[in-house]
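Enquirer: There's a structure below that I have some questions on.
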Amino acid sequence: MKVLAAEPGGGGAFGPAILADSAANSYVGPIATHDYGTTSVGTYARPAPPANNTHPIWETECTPKDTGPITIATMVYAAFTTGGVNAWHYSFFVAGTAWPASVTPYVTTTTSKLAAGTPITLTAARFTASLDAQSVTTFVGKP
């Protein structure tokens, strides 16, 4: 079984140590990275991953200076183009216990822009979806 490891750069102290330890490194799948306000509108670069990294890198947490759509889009762009990530996660926030009954995927590819897909029913507040290669998919849920 592989585990998601701590971030490899920036303020993360565990990533470089894990990469340097062959035993620990063998148990690692993706490595998480975080963008704590280092990317903003007009900042289109993120630090590159360590040269010795062979793992997928997932952006799993961010704290933007603002949450406007241009800032979020800039963060996604910088993560993929210079930060070496191959997955970028942005959490849905649910107030109280009102989980959505379904989520609708909106897919952007080279031939479609935010095309609404078929809603996916949630079971116990979870769902499964397949993602197309070379695409960006946003899941939107409403209670």
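Enquirer: On a full-extension model of 0.36 nm per residue, what is the gain between Y90 and D21, subtracting their alpha-carbon distance, rounded to one decimal in nm?
Expert: Working it through step by step, the gained length comes to 21.8 nm.
Enquirer: Computed FRET efficiency, Cβ-Cβ of A125 and I72, R0 25 Å: what is it to the nearest 0.05?
Expert: 0.60
Enquirer: Starting from the amide H of A5, placed 1.01 Å from N in the peptide plane, find each other amide H under 5 Å away whose residue is 5 or more places distant or on another chain.
Expert: Residues meeting the amide H criterion: G29, I31, A32.
Enquirer: Which ³J(HN,Hα) values in Hz, rounded to whole numbers, follow from the phi angles of the range 106-111 under the Karplus curve 6.51 cos²θ - 1.76 cosθ + 1.60, where θ = phi - 60° and Gly and Pro get x?
Expert: 10, 10, 10, 9, 5, 10
Enquirer: Here is a further query. How long is the gain from S112 to A98 if the chain were fully straight, where each residue apart is worth 0.36 nm and the alpha carbon distance is subtracted?
Expert: 1.9 nm
Enquirer: Another question, if that's okay. Cβ neighbours within 10 Å, averaged per peptide: list 117-124, 77-84, 103-110 in order, most packed at the top.
Expert: 77-84, 103-110, 117-124
The numbers here are math on the coordinates, done by the rules we state, and not lab data. The structure presented is a predicted model; accordingly, all values stated were derived computationally and were not measured. Note that each Cβ is placed from the backbone with ideal geometry, even for glycine, and that neighbours are counted across all protein chains shown.
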